[in-house]
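Below: one structure, written as structure tokens.
The values are calculated or read from the model by the stated rules, or taken from the named source; none is laboratory data. Computed from a predicted structure; not experimentally measured. Note that we place each Cβ from the backbone using ideal geometry, even for glycine, and neighbour counts take in every protein chain shown. Remember, those area values only see protein heavy atoms, side chains included, never the ligands or the DNA or RNA. Shrake-Rupley method; radii C 1.70, N 1.55, O 1.52, S 1.80 Å.
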Amino acid sequence: MHLSLKGIKNLNFLCSFAEKAVLGHFVLLVILWLTREIKLADRSVGWALLFTKGYVTDASIAITIAVLLFIFPSELFCKRDYGETSRKIKPVAPLLDWKSVHEKLPWNVIILLGGGFALADACKASGLSRWLGEEMKVFEVVPPWLMTIIIMYIVSFFTEITSNTSTATIFIPVLAELATGMNIHPLYIVLPVAVTTSFAFMLPVATPPNAIVFSYGHLRVVDMAKAGIVLNIVCVLVVSLATNTWGYAFFDLGTFPTWASSVLSSTKTIPLCKPVYIFGNDTMFNSSTMIRTSSL
């Protein structure tokens, strides 16, 4: 389908000044996010290094741009109303005003997400997360494939109220040590559980995309829960099937790697507030894979 020259001219390619200004603020936001701190092999670069460490975050950048929207004018010049008897100059409205924010911003979703983050921190601060991870050792008596499925279901429901990173932080180090104690390849348990931490389908608080969909008001929590529980069940079974078929052969999960005991013993010194990621198989681990920690 080809557009005629006349049709192209009729298209409104030119945005208003307000739309261009909003787009400019958005581009500036992305640039500031991407260039805040760039980690290279031997050092870090970025404009955030000009400030005290920890002073500038992604959140502070977003808040700064949001405040600028309340200040930046929506028109290039002041509105002038030339009357017969007087000359009046009206102030230009900003790109964003508080009335629009108060009426249109989904405050309930913000409170819902904030409550979820607070609950996740409470689980870690109270020791519930560590206790729950340690209790996973009761599954040592069941077959490994069944144990993995049970743990995956527990993790899939736990990640509904905590972030994916927090869930991985809680379970992966404990499960890696559990697999070592049972002489099972650590990836046989860690790999499917790491994937399962992303199965946050049931609740709006589970992940920001869920909250965005819920904010439109067309879905109830029970509607999301009904569809999400089906997805959780199906996805866990699919990941378990993949792990026990081609994943079993690809990563050689039927053997206990020689690096497992020494490597996993070193993770005991890493606090559980740091996520641990394990990549690759036993033939690639010594040369190109590693255990890495990163701040939340």
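Scoring 96-106, 185-195, 145-155 by mean Cβ neighbours within 10 Å over their residues and listing the highest first yields 185-195, 145-155, 96-106. When the charge dipole of the range 133-235 is built from unit charges on Cβ atoms (+1 for Lys and Arg, -1 for Asp and Glu) and taken about the Cα centre, the candidate among Thr180, Asn164, Val142 whose Cα reaches farthest toward its positive end is Asn164.
Highest-first packing order for the peptide set 216-225, 163-172 is 163-172, 216-225, based on the mean count of other beta carbon atoms within 10 Å. Taken along its three principal axes, the alpha carbon spread of the range 114-228 comes to 50, 29, 18 Å, from the longest extent down to the shortest.
Tell me, what % of the accessible area of the range 132-212 is carbon and sulfur with a 1.4 angstrom probe? That fraction is 70 percent. Taking Cα centre as origin and charging only the Cβ of basic (Lys, Arg, +1) and acidic (Asp, Glu, -1) residues, the dipole magnitude of the range 95-200 rounds to 120 debye. For the range 123-181, the solvent-accessible area works out to 41 Å² per residue, with a probe of 1.4 Å and every protein chain left in place. When all protein chains stay in place and ligands, DNA and RNA are ignored, the 1.4 Å accessible-area order of Arg36, Arg43, largest first, is Arg43, Arg36.
The figure for Ser16 is an accessible area of roughly 60 square angstrom, using a 1.4 Å probe on the protein chains alone. When the inverse distances between all different Cα atoms of the range 185-254 are averaged and flipped, the Kirkwood radius reads 13.5 angstrom.
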